[in-house]
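Where a number appears in this text, it was derived from the coordinates with a stated rule and is not lab data. All of these numbers come straight from a predicted model, not from anything done at the bench. So basically every Cβ, Gly included, is an ideal-geometry build from the backbone, and we count neighbours across all protein chains shown.
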Amino acid sequence: MHKASRMKKALILLIAVAAAMIAYGQENEQSDEKILDEKGIGTSVEELTRLIVGDEAEISKLVGDLADESYWTREAATEKLVMIGEPCVPLLMKEVSESPDPEVVERSKKILERIENNFYPETQGLLMASAKVLGKSQDAKAVKPLLALMSHRDYKISIQAARALAAFKDDEAVRRETTKLRETVEKSKKEKKIWETELALEKLYCITRDKDILKELVKLSNFRFPWLKGEIVGGLRVLTLCDKTTCRMGERPKISVRIRNLTNKTIYLVGSLDASEAGRYPRCSFEILDPDGKPVKIRYWR
């Protein structure tokens, strides 16, 4: 009798825990909609598409106005592009790399910098929430904004969009994108671009859930991905490369340290890596390069 009573109590406790877990899951499901609602952003596919992609015709016109003969037209276009923000980034980046007009290039860079400064952390949260909501929508129209988010420069957003696209993996546009990702993987492998290979594999796995891709990814990076359990956990990934395996006396190997910041925090580097400032020899200096291999301006704090 006593034993049966204890079993009954244990069963009631299990039911209570299960109910609490279900309630917690439902609350989490609603949280993304709440994040958007609190900022006055609608959760329909149409409204989220406008948020992510923007009015393409308007953005294209404003970017064109950066080369207008009138100074005031160029200034007005600059301010409007900053206000629109994220949806302008792809076209502005194209202008930076392709425009023959030095002023357009410079203006585009400054606009991108201002958008970047306004980006974290609020915009990141809104775009990640948007990706989750679009993924749950089961509406084929959600593919376009999700593909736009998957090419986002922010790691967390791009991976979240890829995960959301898993719900549309049979869509023709998504199939084309997975084909491009596979091509990127092969090309990056040949060029020995480890980060590009890794990122393309991550996106591929998120969309396809192919176990062979996962094995390749884990083998490549030797890293256990926390987001496989459903969460994207930020951090720093550090890769040290050297152009020589052995050195003779007097030879100076070229060593590079690649740091990928997966957080929304600013990271700080010491002024020198081996206390060179104290007069030690050999001196060790470094420069910071962006993903395209271009030098990044370094800010110094004392």
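If you add up the charges near residue 187, with Lys and Arg at +1 and Asp and Glu at -1, over every other residue whose beta carbon is less than 13 angstrom from its beta carbon, what do you get?
Summing Lys and Arg as +1 and Asp and Glu as -1 gives +2.
Among the GluC sites (Glu not before Pro) in the stretch 31-93, which ones are in a DSSP loop with at most 11 other Cβ atoms within 10 Å of the Cβ? Mind listing them?
69
Set the Förster radius R0 to 35 Å, insert the Cβ-Cβ distance between residue 70 and residue 254 as r into 1/(1 + (r/R0)^6), and round the FRET efficiency to 0.05.
0.10
With the Cα gyration tensor of the stretch 49-117 in hand, convert its eigenvalues to equivalent ellipsoid semi-axes via √(5λ) and list them largest first in whole Å.
17, 13, 11
Say R0 is 41 Å: what FRET efficiency, to the nearest 0.05, do residue 186 and residue 37 get from their beta-carbon distance?
For R0 = 41 Å, the calculated efficiency reads 0.45.
Grab the other residues whose beta carbon is less than 12 angstrom from that of residue 216, score K and R as +1, D and E as -1, and report the net.
Value of the local net charge: 0.
Quick one: length gained pulling residue 61 to residue 219 fully straight, 0.36 nm per residue minus the C-alpha distance?
Length gained between residue 61 and residue 219: 52.3 nm.
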